[in-house]
Amino acid sequence: MEASAPPGSVLNSLGDWRAHHNAAVHAYSMPVTVQPNEPFFADITMRNTGPYTWFSMPGGATANKHGWYQLKNTTPGSAPFTLSNVVDMTPFGTEIQTLGTHTFRINFVAPPTAGTYNMRWRMARRGAAEDNSDLFFGATTDLPLNVTAITPDEESSQGAAVSSSL
């Protein structure tokens, strides 16, 4: 699947940039169903399918340094339950070579209202564009989440998780 970006973004004008940065979901694990306001986490393992090494923010770097790789929330309007819209690669100083993988752990609190929600995540290189914005690459990862008020009879199935290796 080809990466895309909003019309007018720097990524659309960079041509070759996408050919040199790519990512694919390797695996993920998260609860199938959670209760309203319940804290939970998801692990998303991304594979570097491009020819360049990904690297985390160097230890001790200041917040205005640019160029490291992150997993970012791209849910329109932001997810109502995400504690952070950006997940850095850790530990600092991590490097992921071509075909290597990295697992991002994302902490959440379920929305207060029952329903089905979709979380969207995508790899980005921080501040790499000419205008200092982030450049997104690879496919967007869609993770559905069911928020349901659990009855006492259903409590035994609570905590079931879905895992997938792609």
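Values in this text are rule-based calculations from the coordinates and carry no lab data. Computed from a predicted model, the values in this text were never measured in an experiment. Methodologically, a virtual Cβ is constructed for each residue, glycine included, from the backbone with ideal geometry; neighbour enumeration extends over all protein chains shown.
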Set the Förster radius R0 to 25 Å, insert the Cβ-Cβ distance between Val32 and Thr103 as r into 1/(1 + (r/R0)^6), and round the FRET efficiency to 0.05.
0.80
Give me the net charge for the shell around Ile44: Cβ to Cβ below 13 angstrom, other residues only, Lys and Arg +1, Asp and Glu -1.
+3
Which value in nm describes the separation of the simple spin-label points at His20 and Thr53, placed 7 Å from the Cα toward the beta carbon?
1.6
Exposure proxy check on Tyr28, Tyr117, Tyr69: fewest-to-most Cβ neighbours within 10 Å is Tyr117, Tyr28, Tyr69
Inter-label distance for Thr148 and Val86, nm, one decimal - labels placed 7 Å from Cα along Cα-to-Cβ:
3.7
Sorted by Cβ neighbour density within 10 Å, fewest at the top, the residues Glu95, Glu130
Glu130, Glu95
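How charged is the neighbourhood of Thr74? Take every other residue with its Cβ under 9 Å from the Cβ of Thr74, and add Lys/Arg as +1 and Asp/Glu as -1.
+3
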